[in-house]
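Asker: Would you mind keeping the following structure in view while I ask a few things?
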Amino acid sequence: MRLLSVVGARPNFMKIAPIVAELKKFPDIEHCLVHSGQHYDELLSGSFFTDLALPVPDVNLQTGSASHAVQTAEIMKRIEPVLINYRPHMVLVVGDVNSTIAAALTAVKLGMGVAHIEAGLRSFDMTMPEEVNRKLTDAISTLLFVTEQSGVENLKQEGVPAERIFLVGNVMIDCLLKHRERAARSSFLDQLGMSKNGSGCSPYAVLTLHRPSNVDDAQTLQGILSAVSALAADLPVFFPIHPRTRKNIESFGLQQYLANAKTAGGVGIRPLEPLGYLDFLSLNNHARLVLTDSGGIQEETTALGVPCLTLRENTERPATVEHGSNQIVGVNPDRILGASRSILQRPVGPFERPPLWDGQTAPRIVRILREHLEAALGA
């Protein structure tokens, strides 16, 4: 059985790592790992392969950054000869990035089956590029592996036959649970001055921002930063800054919201470079509060039991609100600050994990893949 997996951005690496590890248990499966090069920076890509013990990709398309149309087209152009040469029996794509739709579309046009890991999620906001990628990938995939019950309902509403839909849980939580102990040994919190001599951590918050709707609009970005800067008067707020976000903060002249070495007492939002997986997991694991516009971080904080405020008007991951620690607060500065202070004034939790977020999703996916391919190949 020949499988080919395609990854391209940080969230993809976390989702594919447990599956790669599980596939190694079966000598009858041959697996090719393709990196599109969508995230090509060492901090955004390379360190994740090291942290997650992922093998060096068999193929790196080295696509690089570009507009959505150019990047998607370039990945399609570069992956087609790889697919023709390798002839996989199934192509695995993960998540909702440009690499996902590009690889899926190319494979289907070549008559190859596609398995979509993290299928069925919907924000119902078609202004989000990820929503377009998700819907189109699901429409052409053979097997749809779903993380939460909302995904099953969404796919059924869209007319997908039930026999192609599999509720398997969240493979990214497999990754988190496997690496949580290693992350706990990270010295990163010591470097930030947050550790308290082996007796826990001083309280702090974490901020991440990368969605175009939040970081490409000067007024929206300023509103978010002003609210979080006010929160930073109550406790430190660490902000690993995506390169796109950093560039916009500078071009919009919003640097005054960020602390710097000359700022007395470290007042303000404390900027950090993009972090590797283990350091970032350690940072989130001990946070008192996380503010984010990332879907994946909504899931991780739910699994960790850390309060999360989502700086968007919607979420494609409603299980994080129904079962977990996540609240949707949008981008209004007063709502952000009010919700943050409300969380800080009450005890944490208890929170639940959604069904099947148990660290065993990768074995379920691989078992279904094997059964499907054995039947298809007449084994």
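Asker: Using 28 Å as the Cα-Cα cut-off, could you pick out the over-long pairs in Lys178/Lys247; Lys77/Lys156; Lys15/Lys109; Lys25/Lys178; Lys109/Lys135; Lys15/Lys77?
Answerer: Among Lys178/Lys247; Lys77/Lys156; Lys15/Lys109; Lys25/Lys178; Lys109/Lys135; Lys15/Lys77, the Cα-Cα distance tops 28 Å for Lys178/Lys247; Lys77/Lys156.
Asker: Tally up the carbon and sulfur contribution to the accessible surface of the stretch 150-225 as a whole percent, 1.4 Å probe, everything protein left in place.
Answerer: Carbon plus sulfur share of accessible area: 46 percent.
Asker: Under a GNM of the chain (C-alpha, springs under 10 Å), which listed residue has the highest mean-square fluctuation: Glu299, Glu250, Glu322?
Answerer: Glu250
Asker: How many Å² of accessible area per residue for the stretch 236-356, probe 1.4 Å? Numbers along the way, then the final one.
Answerer: Working: 4910 Å² over 121 residues.
Here the per-residue accessible area is 41 Å².
Asker: In nm, to one decimal, how far is the modelled label at Thr50 from the one at Arg244, with both set 7 Å along Cα→Cβ?
Answerer: Distance between label points: 2.6 nm.
Asker: Follow-up. Given an 8 Å cut-off on Cα distances and at least 6 residues of separation, report the relative contact order of the chain as a percent.
Answerer: 16
Asker: Also, quick follow-up: So, with a 1.4 angstrom probe, what is the percent of accessible area on the stretch 89-145 that is carbon and sulfur?
Answerer: 64
Asker: Just the number, please: carbon plus sulfur as a percent of the accessible area of the stretch 280-377, 1.4 Å probe, no ligands or DNA/RNA counted.
Answerer: After summing per-atom areas, the C and S share lands at 50 percent.
Asker: Net charge near Leu311: determine it from the other residues with C-beta under 11 Å of the C-beta of Leu311, scoring Lys and Arg +1 and Asp and Glu -1. Mind showing how you got there, number by number?
Answerer: Details: positive: Arg211, Arg312, Arg335; negative: Asp293, Glu313.
Overall, the nearby charge balance is +1.
Asker: Accessible area per residue, 1.4 Å probe, Å², for the stretch 1-106: what's the number?
Answerer: Counting only protein heavy atoms, the per-residue value for the stretch 1-106 is 39 Å².
Asker: Let me ask something else about it. Taking the Cα centroid of the stretch 53-69 and of the stretch 145-178, what is the distance between the two, rounded to the nearest whole Å?
Answerer: Between the Cα centre of the stretch 53-69 and that of the stretch 145-178, the gap is 26 Å.
Asker: Net charge within 14 Å of Asp125 by Cβ-Cβ distance, Lys/Arg positive one each and Asp/Glu negative one each, not counting Asp125 itself?
Answerer: On the way: positive: Arg122, Arg134, Lys135, Arg211, Arg312, Arg317; negative: Asp96, Glu130, Glu131, Asp293, Glu313, Glu316.
Taking every Cβ under 14 Å from that of Asp125, the sum is 0.
Asker: With a probe of 1.4 Å, find how much accessible area the stretch 121-228 has per residue, and write the answer as a whole number in Å².
Answerer: 44
Asker: Restricting to DSSP H runs of at least four residues, report the calculated mean residue ellipticity at 222 nm for the chain, -39500 (n - 2.57) per run over all residues, nearest 500 deg cm²/dmol.
Answerer: Theoretical 222 nm ellipticity from helices: -13500 deg cm²/dmol.
Asker: How long are the three semi-axes of the equivalent ellipsoid of the stretch 112-220, in whole Å, if each is the root of 5 times an eigenvalue of the C-alpha gyration tensor, listed from largest down?
Answerer: 36, 21, 11
Asker: Could you calculate the contour length gain from Arg346 to Leu235, that is, 0.36 nm times the residue separation minus the distance between their Cα atoms, to one decimal place in nm?
Answerer: Gain in length upon complete extension: 38.4 nm.
Asker: On each of the three principal axes of the Cα atoms of the stretch 49-147, give max minus min coordinate, whole Å, ordered largest first.
Answerer: Result, largest extent first: 36, 30, 29 Å.
The values are calculated or read from the model by the stated rules, or taken from the named source; none is laboratory data. All values reported here derive from a predicted model rather than from experimental measurement. Glycine also receives a Cβ, built like all others from the backbone with ideal geometry; neighbour counts cover every protein chain displayed. Just so you know, the surface numbers come from the protein's heavy atoms only, side chains and all, with ligands and any DNA or RNA stripped out. Shrake-Rupley method; radii C 1.70, N 1.55, O 1.52, S 1.80 Å.
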